[in-house]
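Read the structure below first, then the notes.
Every read-out reported here was derived from the displayed coordinates using simple, explicitly stated rules and does not represent laboratory data. Please read these numbers as outputs of a predicted model, since none were measured by experiment. With ideal geometry, Cβ positions are generated from the backbone for all residues, glycine too; neighbour counts draw on all protein chains shown.
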């Protein structure tokens, strides 16, 4: 049996790629909804987001890049202002994606 070093090259990547070039958030089941009035700009959501989907301008969180967000909920889980049950006080609230889909 051949090892990986013995196999012929099957493909060559001539230019490095990035998922930033592609919309990758269209299949999510949950969507984080950002409520600016409750945000304390601690940037914890930005640090923990695995898809770099938290939009920051002038050291303030201003929104979410839904073209790349997968809806994992890590931002809302880590946010210190999103603890408890009162959604009106949370900075990030996870909502079912179907609430935002347009009718075909």
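Details
- Size of the range 39-100 from its Cα atoms: along the principal axes, largest to smallest, the extents are 29, 24, 16 Å.
- Each residue, residue 5 and residue 88, gets one label point 7 Å from its Cα in the Cβ direction; the gap between the two is 6.7 nm.
- Whole-angstrom gap from the range 46-104 to the range 2-25, using each part's C-alpha centre: 31 Å
- Relative contact order of the range 39-100, defined on C-alpha pairs under 8 angstrom at six or more residues apart (%): 28 percent
- Working from Cα pairs under 8 Å separated by at least six residues, relative contact order for the chain is 32 percent.
- Gain on full stretching of the segment that runs from residue 22 to residue 37 - 0.36 nm per residue minus C-alpha separation: 2.3 nm
- Rounded FRET efficiency, nearest 0.05, which uses the C-beta distance separating residue 98 from residue 47 and R0 of 35 Å: 0.75
- Fewest-first sequence of 28, 101 by Cβ atoms within 10 Å of each Cβ: 101, 28
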